[in-house]
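Just so you know, all these numbers are worked out from the coordinates, no wet-lab data involved. Keep in mind the model is a prediction, meaning the values are calculated, not measured. Neighbour counts run over all protein chains shown; Cβ positions are idealised from the backbone, glycine included.
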Amino acid sequence: MDVLKLASSIEGAATGSDYLDYAIQRLFGLKKPIPAYTSSLDAAMLLVPEPWSIHRLAHGHNGQGRLAGWAVELYRPDEVMIDASASARAVTAPLAICAAALRALAISGAAAPALAREAG
């Protein structure tokens with residue numbers, strides 16, 4: 001599956017799932033056990049490529065006192081302006097981080113170094 005299509009699928013998911021975790025892991029070569037990228041903040045952070053970092057992670061609201069999903073923006077510290085080109089909104093924080101991290105990978109054309117470190 002294309003990285004950007006997978007990011008969009010993750011953004012639209014109602015919850016994290018083994019299927020999405022497997023689809024993410026296939027991008028980088030399978031290893032077992034497959035991390036719970038879409039349901040664990042720690043595992044989702046493994047997808048954020050170097051030198052990208054989280055600029056903003058916010059729990060949104062609907063303007064009527066109810067929480068409504070999560071938004072995340074990633075940035076590269078070496079950029080002068082934060083353009084939030086790698087951003088996502090999703091039902092849970094791990095889903096939002098996964099989608100934004102995959103967009104960052106597509107923008108930078110890089111492999112996920114944290115995944116390489118985990119495998120090694």
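Build a GNM of the chain with springs between Cα atoms under 10 Å apart, and of 48, 72, 91 the one that fluctuates most is 91.
Here is the P(r) of the chain: all C-alpha pair distances, binned every 10 Å from 0, give 15, 49, 30, 7, 1 in whole percents. Computed over the chain, relative contact order equals 31 percent, with contacts defined as Cα pairs under 8 Å that lie 6+ residues apart. Computed packing ranks the peptides 30-43, 95-108, 55-68 as 95-108, 30-43, 55-68, most packed first, by mean other Cβ atoms within 10 Å.
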